[in-house]
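A.B. asks: Below: one structure in structure tokens.
The values are calculated or read from the model by the stated rules, or taken from the named source; none is laboratory data. Being a predicted model, the structure only gives us computed values, none of them experimental. Ideal geometry is used to build each Cβ from the backbone, glycine not excepted, and the neighbour counts take in all protein chains shown.
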Amino acid sequence: MADIEVHMAEAVTNPGDYVLVTSGIGSCLVITLYDSKLQIGALAHTMVPSSAKRDAQYHQRASAHLSYEASTIGHACAVAERVSTKTEDTKYVDVAIDKMLRGLEAKGSKREDMEVKLIGGANMFPSLMSNDIGKDNVLSAKEKLRAEGIRIVGECVGGSQGRSVEFSPTTGVVTVKLKF
Amino acid sequence: MESELQQVTRLEQINNEAAEQASAALSKLIDRHVDVAISKAEVKKVAELSPLIGTEEMVAGIYLPVTGDIQGASLLIFPKETAFILSDLLVKRPPGTTRKLTPLDESALKEVGNIIAGNYLTVMANALQIKVVEHTPNFSFDMFGAIVSQIITQFAEKTENALIIEIEFTINPETFKGYFLLLFEVEQFKAILGSISGAEDLLC
């Protein structure tokens, strides 16, 4: 079966028989979600840990627009819709997990049947970068998955090496490639 | 009538001056004549950088953070074969010897990164009359996508564009290519390009 390339900040759910691939992962975190009973899955290619900081800034700005526009021309609904669209930004670990969960649950998946694998979260320049965003991505994913009650069954994370990933959503098998 | 010099845009002047200085510094380092030319300078969305080179292709990446009046990153990329050729020249091995990079090669390649990035940033800072602080280079030899995405990720919240400069090195009889990427925070990036005549067309 053909492949679907999942680029940075994208999440693909329920691709049928297509194999999901993503190559050259550094600090980004690839999250695969699989339901072994229904044999369906999803993959997200996330970049940054959490939307919380972004949301606080965005909602602050949006609220200012909202109150201004509501009081002037009454276009509050349009602004509220923009806020909602923005929260679908799957470059964030937490947003991507939410999107994948919704995608599988819409097909009848139950959380106890779901399992996750994590790949990536490296630091390609370990001696220079004080803020290890790869590590933060992994921690954020683990925290979010614990809160949502989803099991992590495998991980290939950290270090300072790039990785490529292949995921079969019908079998749940993840293949990780390193080059060295 | 406008002189030839006046017809050259400021961006070209920056590129030419940086290339000239890099040529002189690299020639001295390698002890052979090196001609550095900037063959292309363009602004791309950071999300569109990966097709430059295949995401799984092995490259040498030399990363230098940029601070001072502007906050950003500079990244010099050499495809694997170019990195091997440069290593032979830098550590004075017979051509075609390098098949794996040693710590000595990495150190030599970091020095090349220092020269290219340092010269470009100095010329740009002088032209724009801003203060730019250069930092020590850091090295990674891995998949292109993994190296570039780490730098993009550092700026995921702060920028949308990168200035990509294609560099050609000629060390007779060979010419080989590298890429120099500059990323700055959104407003600073607009201000930088906006103040360089000849760069208006590059603005997205």
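A.B. asks: Mind listing just one residue for me: the one in region A:159-180 that is within 13 Å of chain B (Cβ to nearest Cβ) and part of a loop (DSSP other than H, G, I, E, B) and, of those, farthest from residue A:30 (Cα to Cα)?
C.D. replies: A:180
A.B. asks: For region B:182-192, what are the residues that are surrounded by 20 or more Cβ atoms within 10 Å (Cβ to Cβ) and closer than 27 Å to residue A:162 by Cα?
C.D. replies: Selection gives B:182, B:183, B:184.
A.B. asks: From (1) hydrophobic (A, V, I, L, M, F, W, C); (2) surrounded by fewer than 16 Cβ atoms within 10 Å (Cβ to Cβ); (3) modelled with pLDDT under 95, pick out the condition that doesn't hold for residue A:173.
C.D. replies: All conditions are met except number (3).
A.B. asks: Within region B:134-181, take every residue that is away from chain A (no Cβ under 14 Å) and among the β-branched types (Val, Ile, Thr) and give me the one that is surrounded by the fewest Cβ atoms within 10 Å (Cβ to Cβ).
C.D. replies: For region B:134-181, the residue satisfying everything is B:175.
A.B. asks: Here is a follow-up. In this structure, is residue B:152 touching an Asp or Glu at 6+ places or on another chain (Cβ under 7 Å), touching a residue at least 12 places away in the same chain (Cβ under 8 Å) and closer than 26 Å to residue B:45 by Cα?
C.D. replies: Here the answer is no, as residue B:152 does not meet what is asked.
A.B. asks: Please tell me if residue B:145 is in contact (Cβ under 8 Å) with a residue 40 or more places away in the chain and touching a Leu at 6+ places or on another chain (Cβ under 8 Å). Walk me through how you get there before you give the answer.
C.D. replies: Working: in contact (Cβ under 8 Å) with a residue 40 or more places away in the chain: yes; touching a Leu at 6+ places or on another chain (Cβ under 8 Å): no.
Spelling it out, it is not the case that residue B:145 is in contact (Cβ under 8 Å) with a residue 40 or more places away in the chain and touching a Leu at 6+ places or on another chain (Cβ under 8 Å).
A.B. asks: I need the full set of residues from region B:3-56 which are modelled with pLDDT under 90, surrounded by 18 or more Cβ atoms within 10 Å (Cβ to Cβ) and not aliphatic (A, V, I, L, M), in order please.
C.D. replies: B:15, B:50, B:55 - these are the residues of region B:3-56 that are modelled with pLDDT under 90, surrounded by 18 or more Cβ atoms within 10 Å (Cβ to Cβ) and not aliphatic (A, V, I, L, M).
A.B. asks: Could you please give the count of residues in region A:122-154 that are assigned to a helix (DSSP H, G or I), under 21 Å from residue A:26 (Cα atoms), free of Cβ contacts under 8 Å to residues at least 40 places away in the same chain and away from chain B (no Cβ under 14 Å)?
C.D. replies: Residues meeting the conditions: 2.
A.B. asks: Restricting to region B:19-47, what's the tally of residues that are at the interface with another protein chain (Cβ under 10 Å from one of its Cβ atoms) and out of contact with any strand residue (DSSP E or B) (no Cβ under 9 Å at 6 or more places or on another chain)? Outline the logic, then answer.
C.D. replies: So the first thing to find is which residues in region B:19-47 are at the interface with another protein chain (Cβ under 10 Å from one of its Cβ atoms), and the list is B:46-47.
Pick out the ones that are also out of contact with any strand residue (DSSP E or B) (no Cβ under 9 Å at 6 or more places or on another chain) and you get B:47.
Number satisfying all stated conditions: 1.
A.B. asks: Please go through region A:1-46 and pick out each residue that is surrounded by fewer than 24 Cβ atoms within 10 Å (Cβ to Cβ), in contact with a Phe, Trp or Tyr (Cβ under 8 Å, 6 or more places away or on another chain) and within 14 Å of another protein chain (Cβ to nearest Cβ).
C.D. replies: Scanning region A:1-46 gives A:3, A:21.
A.B. asks: Within region B:102-109, is even one residue at pLDDT 90 or above and either more than 30 Å from residue A:163 (Cβ to Cβ) or within 12 Å of chain A (Cβ to nearest Cβ) (or both)? Can you show your working first?
C.D. replies: Step one: list which residues in region B:102-109 are at pLDDT 90 or above, which gives B:102-109.
Cutting the leftovers down to either more than 30 Å from residue A:163 (Cβ to Cβ) or within 12 Å of chain A (Cβ to nearest Cβ) (or both) gives us B:106.
Yes - at least one qualifying residue is present in region B:102-109.
A.B. asks: Here is a follow-up. If you scan region B:87-105, which residues turn out to be without any contact (Cβ under 8 Å) to a residue 40 or more places away in the chain and either in a helix (DSSP H, G or I) or crowded, with 20+ Cβ neighbours inside 10 Å (or both)?
C.D. replies: If the condition is that a residue be without any contact (Cβ under 8 Å) to a residue 40 or more places away in the chain and either in a helix (DSSP H, G or I) or crowded, with 20+ Cβ neighbours inside 10 Å (or both), then B:87, B:88, B:98, B:103, B:104, B:105 are the ones that fit.
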